[in-house]
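Notes to accompany the following structure.
The values are calculated or read from the model by the stated rules, or taken from the named source; none is laboratory data. The structure presented is a predicted model; accordingly, all values stated were derived computationally and were not measured. All Cβ positions, even for glycine, are placed from backbone atoms using ideal geometry, and neighbour counts span all protein chains on display. With ligands, DNA and RNA removed, areas are computed over all heavy atoms of the protein, side chains included. Shrake-Rupley method; radii C 1.70, N 1.55, O 1.52, S 1.80 Å.
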Amino acid sequence: MCPCKICYRVTNTIGYERYHVFYGGEEEERKANYTDMVNKYYDLVTSFYEFGWGESFHFAPRWKGESLKESIKRHEHFLALQLGLKPGHKVLDVGCGIGGPLREIARFSSTLVTGINNNEYQITRGKELNSIAGVEKTCNFVKADFMKMPFPDSTFDAVYAIEATCHAPDAYGCYKEIYRVLKPGQYFAAYEWCMTDSFDPNNSEHQKIKAEIEIGDGLPDIRLTGQCLEALKQAGFEIIWEKDLAVGSPLPWYLPLDTSHFSLSSFRLTSVGRFITRNMVKGLEFVGLAPKGSQRVQDFLEKAAEGLVEGGRKEIFTPMYFFLARKPLSERQ
């Protein structure tokens, strides 16, 4: 293992942790340094995510008898259908990760999808996967901050974000930039990570769960659903409809992370699978085949999983607050 890579992993882990509540960090510092914090986070966790989750790093409502992979694809297809995508449309994926949803939606709707992402490692990996899938002509990546996008006004026929704009330090600023690059009369749809109306900021247990999710998932702050809606309206969007899709899901969205649940189809995410992974990472780090700091990354991802499951059980957190919003044909509309 190259010494510089070991130092990079250790430095990144420490650098990331210092932003969060458990390590004395403040919300305002996280918001002011969101680019550095989010990049450090995804440099650390992308390989873990892909190993455990596949190419699409998101949750989904799930039917009984449906596999995790099937539910994730259906969740992506639902978004494409809500946007009314047509062959040849130019679509933007805001905060695209390594491009799992991007590739799926492009193939499903015969559209041209551009993913914007500010993390170099994820873009490099995404391009490799595009090549493997043979979608280089319809899918591409742009490295940029989605708070300051390098696209002209009214570029895209549709915009979507899947559990990504929760990383924005300012929802209004993020949505306003999306509004700018979207063509008039067209739609923006998203799945947002939010605290629900059941969240009590004066409840210490609720605050602990919120903090666990924030450190484990690279978030400056988790907004309430109402704050997202208000920011959309302030940015100029008209709300077509919105709903927390976690409500009424036949199987809970957090089931893959629940250690009391066992599944062969998502074995790596079960308690047994996570135990094996944890010890494998520990062993690989000990013999120098995994970078120093890998075990600490595994530990804070485990902490995030605990927070997500508890947040889901208590119904104070949702990773799938859905909204469909439209940019008016004119500013007066």
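Observations on the structure shown:
- Under a 5 Å amide H cut-off, with hydrogens placed 1.01 Å from N, residue 224 pairs with 195 among residues at least 5 apart or on other chains.
- Distance (nanometres) between label positions extended 7 Å along Cα→Cβ at residue 145 and residue 239: 2.9
- Accessible surface, 1.4 Å probe, highest first, among residues 170, 93: 170, 93
- Of the residues 46, 138, ranked by 1.4 Å probe accessible area with the largest first, the sequence reads 138, 46.
- Whole-Hz ³J(HN,Hα) from phi, Karplus 6.51 cos²θ - 1.76 cosθ + 1.60, for segment 199-206, glycine and proline x: 6, 10, x, 8, 8, 5, 5, 4
- Cut-off under 5 Å, modelled amide H: who pairs with residue 244 long-range: 322
- Amide proton proximity set for residue 115, modelled H, under 5 Å, gap of 5+: 93, 140, 141, 142
- Per residue, in Å², the accessible surface of segment 118-160 once ligands and nucleic acids are set aside, probe 1.4 Å: 50
- Remark: segment 104-117, residue by residue, has Karplus-estimated 3J(HN,Hα) of 5, 5, 4, 6, 5, 10, 6, 10, 9, 10, 9, x, 10, 7 Hz, where x stands for each Gly or Pro and the curve is 6.51 cos²θ - 1.76 cosθ + 1.60 at θ = phi - 60°.
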